[in-house]
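Chemist: Below you'll find the structure I mean.
The values are calculated or read from the model by the stated rules, or taken from the named source; none is laboratory data. Owing to the predicted nature of the structure, the values given are computational and were not obtained by experimental measurement. Here the Cβ positions follow ideal geometry from the backbone for every residue, glycine too, while neighbour counts run over all protein chains shown. What goes into the accessible areas is simple: the full protein's heavy atoms, side chains included, and nothing from ligands, DNA or RNA. Shrake-Rupley method; radii C 1.70, N 1.55, O 1.52, S 1.80 Å.
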Amino acid sequence: MSSMDVPADLPKQQSAASRTGTAATPTLTWVTLALMTTASVASLRAAPTMAVYGLACVFLYLVPAIVFLLPTALVSAELASGWSGGVYRWVAEGLSKPLGFLAVWCQFAMTIFYYPSLLAFVASTIAYIIDPALASNGVYTAIVIMVLYWTGVWVSSRGTKALAGLASWGLIIGTLIPGTLLVVLGMIFLGQGNASAAPMDSSHLLPQWTGLASLVLIVNNFLSYSGMEMNAVHVSSLKDPAKEYPKSMFMAVGLVLLIFILPALAISWVVPADQLSLTAGVMQAFDAFFSYFGIGWMTPIAAVMLISASLAGMLTWLAGPSKGLLEISRSEGYLPPFLQKLNKFGIQQNILVAQGVVTSVIALMYAFIPNVSSVYWIFSTITTQVYLIVYLLMFAAAMRLRKRQPDHPRGYRVPAIGLVCTVGLLSSLAALAIGFVPPSQFGTGSVWSYVLMIGGGLTVLGLLIPWAFLKFRKPSWRTAAAESTGGPS
């Protein structure tokens, strides 16, 4: 997932157009929007997770694309073209303000577990420049996570505007170029008569059924596809949204699938599943290919490219969800004044620092749990679970808004919205349930300890904390600054 490529101020720009009653001037072609959507969703970070399944990764990517990615893209387009203000406004209008806060909180809170998993990937990639053995060292991983996160907080708290374009470059430098290189090297490798590490015959198109755990890795793909709701704010910039947006989304889905599937296959060709690291798998594949072709000197270059994309994404994410939470909280009084304070650069520094303390505590788990891949998987799953709450609320709100406000102006209307939302709801619920089942790669650890870790993370982060803020909030938490600006539209 790299939905961080969407500038944080786009919803406000659309909001301003809505308040003035002026129609947005068409500024995007449907092809441009498709490329922007691809940039905001596609990433190589999840490739090792699916490479474990070899040829079956095609099936495991296609299923969530059909039942989750498309419904999310279409429904968020209708909501964004009718109500400005993002997921808070959609859920608040369709369901209730407290549930709107829950949605925007979960959108923010999932980053608490997202940063450790993202930076664990960065740590394992850096290890291939220094010493590949460090990739499985928990203490090293924890130190890198904390150093990089707090450096990111310092940079973001200074309000550097130059960061806005970093993630767009990240797509080219850290995704498209290394992804293409990985696939090309893999095809040459196979073309020279080398055997694939994973079977590539038709009998392996579907994952082997060895119990429910054999399909658990599909859950990670739901998070890989998340972020479409942020791109939906662009729908009003199209000349003919009703016709062009669906074309844009189908093109984006195709491109995203290619970026996800082909590198995952390339990794499975050269790294056996039982040796594959969920954090360092991309670099394992590059290292193997470069060694085979006698160009080992390129390994550090590939690592730097992957690192640059991930760090650019982290920096952009730091400014986005926390800013949305801040603006809603200042107008509705959801967070205490201390967390609403801005520094001299106008950045919500206290929120970032509070988040950083929790992120640091989570990072320390890497130092105390022996298997780095297991910790990475746990954090990725908790991240997915928390974010799925956002989508459950979004689909429910969309159906209710269509029923309660059928005549409300919308730039785009989803055909058969009841069916589309039902598919999205059921797939999200299924992913939520499957997320509690340990994957086969989790090893021989206790099933109940896994369930408690996932359930505890989801309950505390996704439910108890926002409930506490709602329960104990005071009228004084609505700050004068927010009231003077009218709050979110």
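Chemist: Of a type outside the set (Val, Ile, Thr) and over 26 Å from Leu119 (Cβ atoms) - does that describe any residue in the range 378-392?
Modeler: Yes - at least one qualifying residue is present in the range 378-392.
Chemist: Which ones in the range 312-338 are modelled with pLDDT under 80 and among the aliphatic types (A, V, I, L, M)?
Modeler: Ala312, Met314, Leu315, Leu318, Ala319
Chemist: Under the condition of being hydroxyl-bearing (Ser, Thr, Tyr) and part of a helix (DSSP H, G or I), which residue from the range 451-489 is modelled with the lowest pLDDT?
Modeler: Filtering first and then ranking leaves Thr485.
Chemist: Which residues, taken from the range 63-87, are β-branched (Val, Ile, Thr) and either open to solvent by 10 Å² or more (accessible area, probe 1.4 Å) or within 16 Å of the chain's Cα centre (by Cα) (or both)?
Modeler: Hits for the range 63-87 are Val63, Ile66, Val67, Thr72, Val87.
Chemist: Give the range 233-265 a look and list any residue that's in a loop (DSSP other than H, G, I, E, B) and in contact (Cβ under 8 Å) with a residue 12 or more places away in the chain, or say none.
Modeler: Lys239
Chemist: Considering Ile112, Ile130, which residue is among the aliphatic types (A, V, I, L, M) and under 19 Å from the mean Cα position of the chain (by Cα)?
Modeler: Ile112
Chemist: On the given criteria, is Leu278 out of contact with any strand residue (DSSP E or B) (no Cβ under 6 Å at 6 or more places or on another chain) and assigned to a helix (DSSP H, G or I)?
Modeler: Taking the combined requirement at face value, the residue does not satisfy it.
Let's see how each residue does on (1) among the basic types (Lys, Arg); (2) modelled with pLDDT under 90; (3) more than 21 Å from Pro321 (Cα to Cα):
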site	(1), (2), (3)
Ala42	no, yes, no
Ala46	no, yes, yes
Phe59	no, yes, yes
Leu62	no, yes, yes
Pro71	no, no, yes
Ser81	no, yes, no
Gly86	no, yes, no
Gly100	no, no, no
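Chemist: Then there's this: Of all residues in the range 287-302, which are out of contact with any Leu (no Cβ under 7 Å at 6 or more places or on another chain) and open to solvent by less than 10 Å² (accessible area, probe 1.4 Å)?
Modeler: Matches in the range 287-302: Phe290, Thr299, Ala302.
Chemist: Quick one: which of Met249, Met305 is open to solvent by 20 Å² or more (accessible area, probe 1.4 Å), closer than 30 Å to Leu55 by Cβ and aliphatic (A, V, I, L, M)?
Modeler: Met305
Chemist: Considering the range 339-353 alone, what residues qualify as being free of Cβ contacts under 8 Å to residues at least 60 places away in the same chain, farther than 13 Å from Val155 by Cα and in contact with a helix residue (DSSP H, G or I) (Cβ under 6 Å, 6 or more places away or on another chain)?
Modeler: Correct list: Leu339, Lys341, Asn350, Ile351.
Chemist: Now for a different question. Among the residues of the range 148-171, count how many are in a helix (DSSP H, G or I) and at pLDDT below 75.
Modeler: Of the residues in that region, 11 qualify.
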